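Visitor: Below: one structure in structure tokens.
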Amino acid sequence: MKAVLLLATLETKSEEIGYLQNVLETSGVEVNLLDISLGSNGETWEASQKITQMNKVVQEIATRINKNHLTDSSAVLGLGGGTGGEIILQILRQLPFDFPKILVTTLPFDPRFAVSDNSIVLIPTLSDIEGLNSSLRHVLENAAHMLEGLARHEVQSVLATKSIGLTNLGVTQNAARAIISRLRQQGHETTSFHANGFGGAAFSRFAKAGAFTGVIDMTVHEITRIHVAGVHANMPDRFTAAGHLPCVMLPGGLNFIGLGEIELVPPHFLERRHYQHSGYFTHVKMSKEEIELSCTALAHALNQGSGPTRLVLPMGGFSSEDCPGGAIEDRELRNIAAECFKGAAKSYDVIILDSHINDEETADFAVNALMEALQEDSQYE
């Protein structure tokens, strides 16, 4: 059984991390403890000095773990509040993305940007980490049981089995399910990513790590988040990371901007055709200028690829509400997209279909196109 690695600021969290360490060792789990304290000795530093020291600790500890501890460790767990939690999160992000990592934290930040492309389990403490109490003991004991399980059972890397990478949203879910079913029937495992502005970061990370044999990037909605509007993680290689692979791309979600709760959407967006996808999300139809901008950016990314790429355009509609009678249906936007993609094509082929993106015919064509691209890539090699 491998040891677990604990990270905490012993200057401020020695009692709490000590309790967690004791629970683990009582269960027979070996613990290696690393102190991530800044060394302020209680002194209040200016912001610049504090941030400089935080960055120094991150680099020193991350380097130390990668060099000396990963082979002998089953998992890494960090315990921290505001400053400590931020330091730990940055350390965890520098470890292998599929290595088991846990952060027990007061969660004083939006974690989506940090965990979008890295396997980090977050355990909120609910109460602050300022002295032991029954609530915090309960959280630490649960975390210890998770670590004990990881220590006793070897976790296989996600890279052990390659798969077909897919991108998906609720507005293209019918297509995704049909495509996944067809690929499984042919013996292919699939790994799908939610193209909501954060899932694409993980898609890129997997592609760069060699997790895919090919991709069906059927929901490119994140191009609108990057170039038009919407919250998204940092993912500059979202549409180039898989460029070396056989790829079939479809324009899923290209026709709308994904915004938040309707009460929070800026009024000028609500002057356009829109609908509530759910209580949390509002979809607003793209303008002609915006879809041309997004298509131009996507075409530029595709032209950088070296793998066989088919861009399949189902002209019956690019999302569930882009259809006859749909809330944001617009044939003209589809025509603009088609002309833009055809005019810019250098390293990819454009195929026009009459069907809707969620139709069975589209799923059939996409899977067959990927099989051809995989065979072409194999023959090329």
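The values are calculated or read from the model by the stated rules, or taken from the named source; none is laboratory data. Since the structure is predicted, the reported quantities are computational estimates derived from the model, not experimental observations. For neighbour counting, all protein chains shown are included, and Cβ atoms are generated from backbone atoms with ideal geometry for every residue, glycine included. The accessibility values were calculated without ligands, DNA or RNA, using every heavy atom of the protein model including side chains. Shrake-Rupley method; radii C 1.70, N 1.55, O 1.52, S 1.80 Å.
Visitor: Taking every Cα atom in the stretch 21-62, find the radius of gyration and the maximum pairwise distance Dmax, and write them in Å.
Guide: Cα-based Rg and Dmax for the stretch 21-62 come out at 14.8, 43 Å.
Visitor: Where does helix 82-93 land angle-wise versus the long Cα axis of the chain, in degrees 0 to 90, nearest 10?
Guide: It is inclined by approximately 60 degrees.
Visitor: I'd like to know how the stretch 32-88 sits against the 2.2 N^0.38 Å rule of thumb: what's its Cα Rg over that expected value?
Guide: 1.22
Visitor: By a straight-distance test (C-alpha under 26 Å), which lysines pair with LYS208 as possible cross-link partners, with residues fewer than eight away in the same chain excluded?
Guide: In chain and number order, the partners are LYS67, LYS101, LYS162, LYS346.
Visitor: Right, here's the next one. Have a look at GLN59, GLN90, GLN185 and tell me which one the Gaussian network model of the chain (Cα, springs below 10 Å) gives the largest fluctuation.
Guide: So, out of GLN59, GLN90, GLN185, the one fluctuating most is GLN185.
Visitor: Hey, another quick one. May I ask you to evaluate 6.51 cos²θ - 1.76 cosθ + 1.60, the Karplus curve with θ = phi - 60°, for each residue of the stretch 351-367 and list the ³J(HN,Hα) values in order in whole Hz, giving x for glycine and proline?
Guide: Using θ = phi - 60°, the values come out as 10, 9, 10, 8, 6, 8, 4, 8, 7, 4, 4, 5, 4, 4, 5, 4, 5 Hz.
Visitor: Whole-Hz Karplus ³J(HN,Hα) for the stretch 58-73, in order, using 6.51 cos²θ - 1.76 cosθ + 1.60 and θ = phi - 60°, x for Gly and Pro?
Guide: Karplus values, whole Hz, x for Gly and Pro: 4, 5, 5, 6, 4, 4, 4, 5, 4, 7, 10, 10, 4, 4, 9, 10.
Visitor: Two decimals, Cα atoms only, Kirkwood Rh: what is Rg/Rh over the stretch 92-146?
Guide: 1.00
Visitor: With θ set to phi - 60° and the Karplus curve 6.51 cos²θ - 1.76 cosθ + 1.60, what are the ³J(HN,Hα) couplings of the stretch 264-272 in order, to the nearest whole Hz, using x for Gly and Pro?
Guide: Residue by residue, the stretch 264-272 yields 9, 6, x, x, 5, 6, 6, 6, 8 Hz.
Visitor: How many percent of all Cα-Cα pairs in the stretch 70-210 sit more than 24 Å apart?
Guide: 44
Visitor: In nanometres, what is the gap between the two model label sites at GLU376 and GLU361, each 7 Å from Cα along Cα-to-Cβ?
Guide: Distance between label points: 2.2 nm.
Visitor: Compute the relative contact order of the chain as a whole-number percentage, counting only Cα pairs closer than 8 Å that sit 6 or more residues apart in sequence.
Guide: 13
Visitor: For LYS342, go through the lysines and keep the ones whose alpha-carbon is under 20 Å away, minus same-chain ones fewer than eight residues off.
Guide: Correct list for LYS342: LYS288.
Visitor: Note the per residue figure in Å³ for the convex hull of the C-alpha positions in the chain.
Guide: Convex hull of Cα atoms, per residue: 167 Å³.
Visitor: Just read off the accessible area of LEU33 with the full protein assembly in place, 1.4 Å probe, to the nearest 10 Å².
Guide: The accessible area of LEU33 comes to roughly 60 Å².
Visitor: Can you pull the Kirkwood radius for the stretch 200-301, inverse mean 1/r over Cα pairs, to one decimal in Å?
Guide: Hydrodynamic radius (Kirkwood, Cα pairs) of the stretch 200-301 is 14.5 Å.
Visitor: Considering only DSSP states other than H, G, I, E and B, which trypsin sites (Lys or Arg not before Pro) in the stretch 255-290 qualify as loop sites with at most 14 other Cβ atoms within 10 Å?
Guide: Values: sites: ARG272, ARG273, LYS285, LYS288; in loops: ARG272, ARG273.
Here the sparse-neighbourhood loop sites are ARG272.
Visitor: Taking the stretch 241-339, which GluC sites (Glu not before Pro) meet the DSSP loop condition and have no more than 10 other C-beta atoms within 10 Å?
Guide: In loop regions of the stretch 241-339 (DSSP not H, G, I, E or B), the sparsely surrounded GluC sites (Glu not before Pro) are GLU271.
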